[in-house]
1. Can you pull out the residues in the range 232-274 that are within 23 Å of residue 35 (Cα to Cα) and assigned to a helix (DSSP H, G or I)?
2. Tell me whether the range 223-231 contains one or more residues that are within 17 Å of the chain's Cα centre (by Cα), farther than 23 Å from residue 195 by Cα and not in a loop (DSSP other than H, G, I, E, B).
3. Of the residues that sit in the range 190-220 and are part of a helix (DSSP H, G or I) and touching a residue at least 60 places away in the same chain (Cβ under 8 Å), which one is surrounded by the most Cβ atoms within 10 Å (Cβ to Cβ)?
4. Report those helices (runs of 4 or more DSSP H) wholly inside the range 37-155 carrying at least 2 residues which are among the charged types (D, E, K, R) and either without any contact (Cβ under 8 Å) to a residue 60 or more places away in the chain or out of contact with any Asp or Glu (no Cβ under 7 Å at 6 or more places or on another chain) (or both).
5. Take the range 145-194 and flag every residue that is outside the structural domain of residue 34 (by TED's automatic domain parsing), among the aromatic types (Phe, Trp, Tyr) and farther than 27 Å from residue 251 by Cα.
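The values are calculated or read from the model by the stated rules, or taken from the named source; none is laboratory data. These numbers were taken from a predicted model, which means no experiment stands behind them. Ideal geometry is used to build each Cβ from the backbone, glycine not excepted, and the neighbour counts take in all protein chains shown.
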Amino acid sequence: MRRWPAAVLGLIWSASGLCSEGAYLFDAAGCLACHTAEGGQPLAGGRAFETPYGVFYSPNISPDPGTGIGRWSRADFIKAMKHGEAPDGSAYFPVFPYPSYRLMSDADAGALFYHLQTLPPQRQKNLEHDLPWWLARWMMKLWQWLMQEEPPPPPADPRLSRGRYLVDALGHCGECHTPRNWAGVSDRSRYLAGSKDGPEGEKAPNITPHRGDGLGKWDADDLAYFLESGELPNGDYAGSLMTEVIDNSTSKLTASDRRAMVEYLNSIPAIPGA
């Protein structure tokens, strides 16, 4: 029987742990839905997102070395996720939710990268975005410098801090549920109060604890069960894009993490809908 050196066994155990953690983060961050076109291969990209600024197509994030991220380093991935910077130094359009992902820890972003490298590579070239003539990629460096504000600090309470991390950093809920100004920047004064210009032309509802327009009348158990099953308090079920969020993301979280999300959402300011 072959004996493996303790250092090698330690590396194997460490890599296994990172991949397991990365798989959980992969679900929490909702990577599958956005980077998989209808009828397409997982993570091969090509899903269209209609926005007021044009149609964007998600890229291939499988580990294919030619068309995906197979040649990326961990550092490349972290820069992309947290700073919106491509390996060639150019800036990504913020339809890629790096304004939210920047709240992720480097350790979590790295674990997610290692998990992605274990998945099947898909050879599929990225599609060109369909944008107006005046919207160029080089403008995004200026946008990042001028428009991105420092995010508020996390809550002091550990449970609320965990909930905020799941809602803002991983779940990037504000990317859909917070309205944007003329420059495409989230309006923090209306944080999670709903948006008329959600992804793919859909309206995103108010998810603050406002009793009239938001979730203020929901029982905490009902909200936690909704995140697990998609069932509304009236017995109906979530539809459209929220179905994907629940099926691919929140239903796969631990009950404790779903409860932390609920506690955080119930702690934020109640804001009436627009």
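1. Restricting attention to the range 232-274, the residues satisfying the condition of being within 23 Å of residue 35 (Cα to Cα) are 238-253.
Matches in the range 232-274: 240, 241, 242, 243, 244, 245, 246, 247, 248, 250, 251, 252.
2. Applying the first criterion (within 17 Å of the chain's Cα centre (by Cα)) to the range 223-231 yields 227.
Retained after the next criterion (residues that are farther than 23 Å from residue 195 by Cα): none.
No.
3. By that ranking, first place goes to 190.
4. Details: elements: 74-83, 98-101, 106-116, 139-147.
Fully inside the range 37-155 and qualifying: 74-83, 106-116.
5. Matches in the range 145-194: 182 only.
Listed here are the residues, each with its yes/no results for (1) touching a Lys or Arg at 6+ places or on another chain (Cβ under 6 Å); (2) in the same structural domain as residue 245 (by TED's automatic domain parsing); (3) crowded, with 18+ Cβ neighbours inside 10 Å.
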position: 37; (1), (2), (3): yes, no, no
position: 40; (1), (2), (3): no, no, no
position: 47; (1), (2), (3): no, no, yes
position: 50; (1), (2), (3): no, no, no
position: 59; (1), (2), (3): no, no, yes
position: 78; (1), (2), (3): no, no, yes
position: 108; (1), (2), (3): no, no, yes
position: 121; (1), (2), (3): no, no, yes
